1. Answer yes if at least one residue in the range 196-216 is within 16 Å of the ligand (Cβ to nearest atom), crowded, with 16+ Cβ neighbours inside 10 Å and either touching a residue at least 24 places away in the same chain (Cβ under 8 Å) or in the same structural domain as Met11 (by TED's automatic domain parsing) (or both), and no otherwise.
2. Identify all residues within the range 1-37 that are in contact with a Lys or Arg (Cβ under 6 Å, 6 or more places away or on another chain) and either away from the ligand (no atom under 13 Å from the Cβ) or part of a strand (DSSP E or B) (or both); write none if there are none.
3. Take the residues of the range 103-112 that are surrounded by 21 or more Cβ atoms within 10 Å (Cβ to Cβ) and touching a helix residue (DSSP H, G or I) at 6+ places or on another chain (Cβ under 9 Å): which is nearest to Met178 (Cα to Cα)?
4. I need the full set of residues from the range 147-190 which are aromatic (Phe, Trp, Tyr) and in contact with a strand residue (DSSP E or B) (Cβ under 9 Å, 6 or more places away or on another chain), in order please.
5. Being free of Cβ contacts under 8 Å to residues at least 12 places away in the same chain and not in a helix (DSSP H, G or I) is the filter; apply it to the range 250-281 and report the residue that is farthest from Lys10 (Cα to Cα).
6. Being in contact with a His (Cβ under 6 Å, 6 or more places away or on another chain), modelled with pLDDT of 95 or more and more than 10 Å from the ligand (Cβ to nearest atom): is that true of Ala172 here?
7. Consider the range 175-200. How many of its residues are of a type in the set (Lys, Arg) and part of a helix (DSSP H, G or I)?
Amino acid sequence: MKVGIAGIGKMGNAIGSRLLGLGYSVTVWNRTSDKAGSLLNAGAHWASTPKVLAESVDTVITLLTNEAAIDAVYSGTEGLLSGAGAHPTFIDMSTVNPTKPPELALRVQAVGAAYLECPVGGSIGPAKEGKLLGFVGGHAADLAKVQSLLEHLCKRVEHVGTFGAGSTMKMAVNLPLMVYWQTLGEALSLIDHLKLDPQRVVDILSESSGGPNMLKVRGPLLVQALGHQKNDTVTVDVATMRKDMRTMLALAQTNHRELPLTSMALQKFNEAADSGLDGKDCTQLPVWWLGQGARPK
Ligand SMILES: NC(=O)c1ccc[n+]([C@@H]2O[C@H](COP(=O)([O-])OP(=O)(O)OC[C@H]3O[C@@H](n4cnc5c(N)ncnc54)[C@H](OP(=O)(O)O)[C@@H]3O)[C@@H](O)[C@H]2O)c1
């Protein structure tokens, strides 16, 4: 199977690397061509436009920032849909508002191609190892065509319903993780005056019942952040977290639900963004909070 990837950011790079490692023929396109360099060096092919990408492969995976980026890449004379003549299957793995997949499905189906949403849980590490969680929305017959591809990327492929259901599930998966970073900052502010070694603190918290798997995975980066050691690695940036939390709140409003903790955590992360954290890794949030929340009133 020839696979195309449009959107070679952090996740697109990781998924491309996984597929190349498994021997897939991979063609890539990215708005900023430089970011595809390592995949091209590893054997990926370059498509000059999204249209050319769609014309060259059987399946197109998109991994894009948000709804506007999806519109930019799928639409227009050089967009993915204008190259869909051979009817590839489109799989959008971006994290978006659940209102987007039904709308995109109609546009893809109008050009005679198949579409699935499959937003994913897990970050760069799981993506490179094929251990993501995939939440599929769409038709079972279309999923059957790409099931084995998705199983090479995901340790679980969960077909949770029709278009939009995958994105809704993804919001539910992300919500506790997002709020966790604020609770972690607050927990750390309680013990700040004990002046314990950050490595020891992260070890203890990650062993506790309240320590999510994420803390084990991101522990080393968090220890460095707490120790104020410079590390520019970004797995999930604060801007992406804020985008997801805005989507959660919009979804809750549509469904007449309240998310008070999400709302408060987002308010704090907006303040963090105002202090310049938007492009930084999520592990910087508790460090920022220690400088804010721990400040004597
Ligand atoms: N990072 C994670 O751990 C993670 C985990 C699960 C899901 N996700 C989701 O996966 C998606 C990608 O995340 P990421 O972390 O890989 O983000 P990223 O590194 O910021 O990459 C974003 C990609 O979108 C492209 N893009 C943005 N606006 C565009 C536009 N107007 N036109 C064309 N391309 C545009 C970027 O192109 P340029 O390179 O040209 O800017 C880049 O390829 C997001 O929806 C995110 O929520 C991320």
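1. yes
2. Arg18, Ser25
3. Looking only at the range 103-112, we keep the residues that are surrounded by 21 or more Cβ atoms within 10 Å (Cβ to Cβ), and these are 104-105, 108.
Now drop any that are not touching a helix residue (DSSP H, G or I) at 6+ places or on another chain (Cβ under 9 Å), which leaves 104, 108.
Details: Leu104: 27, Val108: 32 Å.
This residue is Leu104.
4. Selection gives Phe163 alone.
5. By that ranking, first place goes to His256.
6. no
7. 1
Residue-wise test of (1) aliphatic (A, V, I, L, M); (2) over 22 Å from Glu117 (Cβ atoms); (3) not assigned by TED's automatic domain parsing to the domain that holds Leu132.
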{"position": "Ala42", "(1), (2), (3)": "yes, yes, no"}
{"position": "Val57", "(1), (2), (3)": "yes, no, no"}
{"position": "Ile70", "(1), (2), (3)": "yes, no, no"}
{"position": "Ala84", "(1), (2), (3)": "yes, no, no"}
{"position": "His87", "(1), (2), (3)": "no, no, no"}
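The values are calculated or read from the model by the stated rules, or taken from the named source; none is laboratory data. Keep in mind that what you see is a predicted model, and the values were worked out from it rather than measured. Every residue, glycine as well, gets a Cβ built from its backbone with ideal geometry; the counts of neighbours run over all protein chains shown.
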